[in-house]
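Notes for the one structure printed next.
No value in this document is a laboratory result; all are computed from the given coordinates. The shown structure was predicted, so the numbers you read here are calculated from the model rather than taken from an experiment. Glycine gets a Cβ as well: all are built from the backbone with ideal geometry, and neighbour counts include every protein chain shown.
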Amino acid sequence: MGSCYLFDQVCSTWRAVSRSDLLWQTLTRRVWNRHHLLHDTWRDEYIFRHRTARNFLTRRYAYATLPFNVSPDHDDNAAALSCCRLALSDNHLAAGYSDGSVRLFHLPLGIHLYTFRPHPRDCLGLFSRAVSGIVLSDTSLVFASQHGDIHVALTNNAAPVRRSHLGDAVSDGVLVDFCGCNRWWVGLYAGGPGRAFQVRDAHTEELVFVGGGLTDPDAVNGWHLLNDLTEFVGRVRVTTEESAVACTRVRVIVLDLANPGFVLGQQEIQRGLIVGSVDARDSAFVTVDNRGTARVRRANTLEELCGFHVGGVSRAQRRVLGCMNTGYALMCAGGVIRAWEIDHGGYLYRLRERIGDATAFVADDRYVAASTSDNSVHLWNFGAQ
């Protein structure tokens, strides 16, 4: 009788605790780093995130392609366009193209909403206007071009596109990659000695740091991007620990954004990196070397968390695109997308769809998106059904 009474007491206590939305909020933040709701309560949010993560584990998703609309009031040549960058938010996907335009899609409805265009200007090279990076939220869109211009737009298209910064490729070099968060914008440049990084405060849009020599050996390749988009010179990603992970083919560096210019860690890559494979999520990042060996590391310490081998990498075919979310790393090689869990590096599966030559690749905790050379935008929705 006493044990039954104790059990009843424990159960009633647990039932009371389990109804606390504060508990579910804490769990959701700790497990998935979520700080705002998409559902009515934090308990609902936690359940949705848990089921969605399970869907990633078991390859349960809905697949679709998004429409590519040519604007009637512009002389778009869809066949000549190439998608260079993709970015996800909770409800939107942004696709940045070689002509400098950004198309915004609404994910719940699967429709194209708007096309944003940069302010016109004289530039060097055929692909000077090509989009080199996008920072996306559900309310704002920031996109940068290879000649260094940075533009800001509202996702509801309530105001004209605004140029936040006028680039100077002659002094800074080519903006080879651009990323950010709600606190920082980070640009990686190649072609201006000692000017690899530009860090801006996302609130004020003011420049807070210029410097670094990461891309100095790649200056020529950086300038080639103005006329040829076939390779990646460097990549930069922002983590949740106020740091930026940047790489070239031979080196990885982690920059402290709270103290711009201070290097938290760096590593020379003897076997060479496939630059397009590099991505970061939360406090970790993933890389793949030229032999197909992938490594997931903790960003601020470079501690290796797991490793695995990526298939489809050969001397003739080293265009591997990578992305990751909270629990999984995905690699696209030869039109095939494969997934690994990043706790132990265990191989999970390949996605059923073979997509052809991928040009951009991105993932978050619900969606995976890829663009291909035929201007298709592919979307996989792992959200709880």
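Peptides 214-224, 278-288 ranked from most to least packed by the mean count of surrounding Cβ atoms within 10 Å: 278-288, 214-224. Projected label points at S140 and R60, each 7 Å from Cα along the beta carbon direction, are separated by 3.8 nanometres. Taking T372, T41, T52 as the candidate residues, the one with maximal mean-square fluctuation in a Gaussian network model of the chain, Cα springs under 10 Å, is T41. Using just the helices of the chain, give the 222 nm mean residue ellipticity in deg cm²/dmol: DSSP H runs with n ≥ 4 each add -39,500 (n - 2.57), and the total is spread over all residues, rounded to 500. The per-residue figure over the chain is -4500 deg cm²/dmol.
Dividing the mean sequence gap of close Cα pairs (under 8 Å, 6+ apart) by how many residues the chain holds gives a relative contact order of 13 percent.
FRET efficiency for the V220 to R352 pair, using the beta carbon distance and R₀ = 51 Å, is estimated at 0.80. As a calculated quantity, the FRET efficiency between S20 and E303 at R0 = 35 Å, using C-beta atoms, amounts to about 0.50. If the segment from E341 to R29 were pulled out straight at 0.36 nm per residue, it would be longer than the present Cα-Cα gap by 110.3 nm.
Length available on full extension from S376 to C181: 0.36 nm per residue minus the Cα-Cα distance, which gives 67.5 nm.
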